[in-house]
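The values are calculated or read from the model by the stated rules, or taken from the named source; none is laboratory data. Everything numeric in this text was worked out from a predicted model, so none of it was measured. Cβ atoms come from the backbone with ideal geometry, glycine included; neighbour counts cover every protein chain shown.
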Amino acid sequence: MILAQQFGFLDEYAKKEIRRTSLKAVAIPGYQVPYSSREMPMGRGFGTGGLQLTLALIGAGEVLKVIDQGSDDSVNAVNLRSFIEMTCPGVGTTRVTGEADLIQSRHRIPEKPLREDQLLVLQVPYPDPLVVVEASEEKRKQLHGEADYSRLLVKLYEDIVKFDEITISHRYPTRINDHYVIDPSPIPRWDVPKLHMSKALVLLGAGREKKIYAVPPYTKAEPLAFEDKPFRVEAFLDEQGRRRACARCGCDNSFLDEYVDSNSGEQVYRCSDADWCDEQLARQTAAEVIYG
Ligand SMILES: [Zn+2]
């Protein structure tokens, strides 16, 4: 049954359209390019936009990594990876960020800086940052065209008035190449600076909303902020004001997930990026072997 299918599940016309849309997205950084998102054998909202990009862009002999919230082993990542393996014969898979040609991700950008020869595909539930201030898509398009984000800035300002800081934790509105403001998908604020002047091409796919947009390599990506209230990433400070470290590898410059230890009931912090955590741990073990 599998052999009778097209490579990459989608038909050639669909793949060609997604590639053309991706090129347009690269040519107009941050602009949401509409495309005819195909029905996939999984529910919309499960990463079908990212999946369609991956299927259209990956080729035999290339290596893929799929992550969900930094983990290669969560349900969404496992299912997407096995679907791609099943429909793309000759595509290799890895967990190691540095080995991957294409990384499809939900909600995180890997800690390890990406290279020019790598491609990051982000799964997007809601592509338009203006949807919180304007219900009509037609009007939103006009606002994007005129780069009029004043209502979005007012929304951020209201946050500051109410909470004395901007409270958005995920999907932080980010201005690309001095014009379009994008929803960078539900990555934490920690990951937003990684988009700025990224060496790797970043493609964002929203299957349900039928949009593809891009942050091309070496492109400005600036989170919206105010001069007196600059953008800040998560600080991960403990009660004494010290930076928390990962309980597993000891890294104190990664994005941390918070767990509750089932035995002690205490809060434990660990790297969210599983491959990064493994790499730090392996590095330490190697150092211990050499230096005792
Ligand atoms: Zn760690």
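I need every pair where a residue in the range 148-166 that is free of Cβ contacts under 8 Å to residues at least 24 places away in the same chain has its Cβ under 9 Å from the Cβ of a residue that is among the hydroxyl-bearing types (Ser, Thr, Tyr), sequence separation at least 6 or different chains.
Short answer, once both residue conditions are applied: 159/167.
Would you mind stating whether residue 62 is without any contact (Cβ under 8 Å) to a residue 12 or more places away in the chain and either surrounded by fewer than 16 Cβ atoms within 10 Å (Cβ to Cβ) or over 20 Å from residue 279 (Cβ atoms) (or both)? Walk me through it before giving the result.
On the way: without any contact (Cβ under 8 Å) to a residue 12 or more places away in the chain: no; either surrounded by fewer than 16 Cβ atoms within 10 Å (Cβ to Cβ) or over 20 Å from residue 279 (Cβ atoms) (or both): yes.
Criteria not met by residue 62.
Hey, can you tell me all the residues within the range 108-136 that are buried (at least 21 other Cβ atoms within 10 Å of the Cβ) and closer than 17 Å to residue 69 by Cβ?
Of everything in the range 108-136, those that are buried (at least 21 other Cβ atoms within 10 Å of the Cβ) and closer than 17 Å to residue 69 by Cβ turn out to be 108, 109, 110, 111, 120, 121, 122, 123, 124.
Might you check whether a residue that is in a loop (DSSP other than H, G, I, E, B) and either outside the structural domain of residue 46 (by TED's automatic domain parsing) or under 21 Å from residue 271 (Cα atoms) (or both) occurs anywhere in the range 80-92?
The answer is no; no qualifying residue exists.
Based on what the data block shows, is residue 36 within 22 Å of residue 180 (Cβ to Cβ), assigned by TED's automatic domain parsing to the domain that holds residue 209 and either in contact with a helix residue (DSSP H, G or I) (Cβ under 7 Å, 6 or more places away or on another chain) or not in a loop (DSSP other than H, G, I, E, B) (or both)?
yes
Which of the strands (runs of 3 or more DSSP E) contained wholly in the range 163-263 include at least 3 residues that are within 20 Å of residue 103 (Cβ to Cβ) and hydrophobic (A, V, I, L, M, F, W, C)?
Result: 201-206, 211-215.
Looking only at residues that are on the phi > 0 side of the Ramachandran plot and either touching a residue at least 12 places away in the same chain (Cβ under 8 Å) or crowded, with 20+ Cβ neighbours inside 10 Å (or both) in the range 235-285, which one is farthest from the ligand (Cβ to nearest atom)? Spell out the reasoning first.
Let us first name the residues in the range 235-285 that are on the phi > 0 side of the Ramachandran plot, namely 236, 241, 250, 265.
Those still in the list that are either touching a residue at least 12 places away in the same chain (Cβ under 8 Å) or crowded, with 20+ Cβ neighbours inside 10 Å (or both) too: 236, 250.
Details: 236: 12, 250: 7 Å.
Result: 236.
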